[in-house]
1. Give, rounded to the nearest 20 debye, the magnitude of the charge dipole that the chain has about its Cα centre when Lys and Arg contribute +1 at Cβ and Asp and Glu contribute -1 at Cβ.
2. Would you please classify the overall shape of segment 181-261 from the alpha carbon gyration tensor, given that a ≥ b ≥ c denote the square roots of the eigenvalues, rounded means a/c under 1.5, and beyond that prolate means a/b larger than b/c while oblate covers the rest?
3. Placing +1 on the Cβ of each Lys and Arg and -1 on the Cβ of each Asp and Glu in the chain, which of Leu74, Leu123, Asn170 has its Cα farthest towards the positive end of the resulting dipole?
4. Determine Rg/Rh for segment 110-225; Rg is computed over alpha-carbon atoms and Rh is the Kirkwood hydrodynamic estimate from the same atoms.
5. Restricting to DSSP H runs of at least four residues, report the calculated mean residue ellipticity at 222 nm for the chain, -39500 (n - 2.57) per run over all residues, nearest 500 deg cm²/dmol.
6. Mind checking the full-extension length gain between Leu111 and Gln174? Use 0.36 nm per residue of separation minus the Cα-Cα distance, one decimal, nm.
7. With a/c under 1.5 counting as rounded, go ahead and sort segment 4-78 into rounded, prolate or oblate using the C-alpha gyration tensor (a ≥ b ≥ c being the square roots of the eigenvalues; past the cut-off, prolate if a/b is larger than b/c, else oblate).
8. For segment 58-141, which chymotrypsin sites (Phe, Trp or Tyr not before Pro) are in a loop by DSSP, counting at most 16 other Cβ atoms within 10 Å?
Amino acid sequence: MRTNSSVWLSKLNSISMYLIKRFRLMERYPLQFARLHLKWVNYHGGSQSLEQTKLFIAQIITYMWLVLLSFTILGFGVDSAFFSSGACITIIIPVAIIQDLNRKLKFKKRLMLIELTEFINKLTLLVDAGETVQKAIKRCVEQKKKLDLTNKTSPLYYELNQMVIALNNNRSFQHVMEEFNKRCNVQEISIFTTTVLLNYRRGGLEFVYALRELSRIIWDKRLSLTKTLGEEASAKLVFPMVFIFFIVMVIVAAPAILLMKANGS
């Protein structure tokens, strides 16, 4: 059962959707809208439609004019600074939301790269043991299904599961792999799909060698990503360490300063 707040938000989003159509925002800013739609699809999966992206934009517009209206009402007859503050926050809101989407998309792609190395190693072992590529992919997904296969916790295996469903529906392997590549939109996965499509018909040792070489390349990229994540973590710790150092200095210096003042008096 929907709460009152969600019902009201849905109604307000409908008004924002009307404003988008009324002022023809999509036609006036097609490039910006296309970029945002691509980011939205990449983060939430290839099944996302254009209408869902419109709803996302409508939600941003709803937040903007709700904040501006709230600050205007609070500052009515009191202080014009409330309206100025509301206007500034209104401008910041879409930038902050889109930046948050960029951050989430970047995290998702990094998580996909980390999962890809594990998946390729499993796939190589299964194919080397005599499994076909399709059956090996299905087995990897079946083993992972014991865990949570959502788009947020395991994005690569979520997309692989969608691919397995398509294969079970008798879709062609090449077409399914190409769709999988488009949905993921990650460079390393593009290399993986290209390698598989070029070599899977050969089978045998040639395909296994190709997967092992690809695994080595992806592993090097994962090591590079790990170093980058370590550097980012170190950079985030700089401010807390400086703050703690300042507190320690105050704790150590305060008794000495008080003692000097006492001796001086």
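FYI, it's all coordinate maths here, none of it is from the lab. Fair warning: this is a prediction, and the values are worked out from it, not measured in the lab. Cβ coordinates were reconstructed from backbone atoms using ideal geometry, including for glycine residues, and neighbour counts include every protein chain displayed.
1. Using Cβ point charges on Lys, Arg, Asp and Glu, the chain gives about 400 debye.
2. prolate
3. Asn170
4. Radius of gyration over Kirkwood radius for segment 110-225 works out to 0.92.
5. The helix-only estimate for the chain comes to -29500 deg cm²/dmol at 222 nm.
6. The span from Leu111 to Gln174 would gain 20.2 nm if fully extended.
7. Note, shape of segment 4-78 comes out prolate.
8. Of the chymotrypsin sites (Phe, Trp or Tyr not before Pro), the ones in loops of segment 58-141 whose Cβ has at most 16 other Cβ atoms within 10 Å are Phe76.
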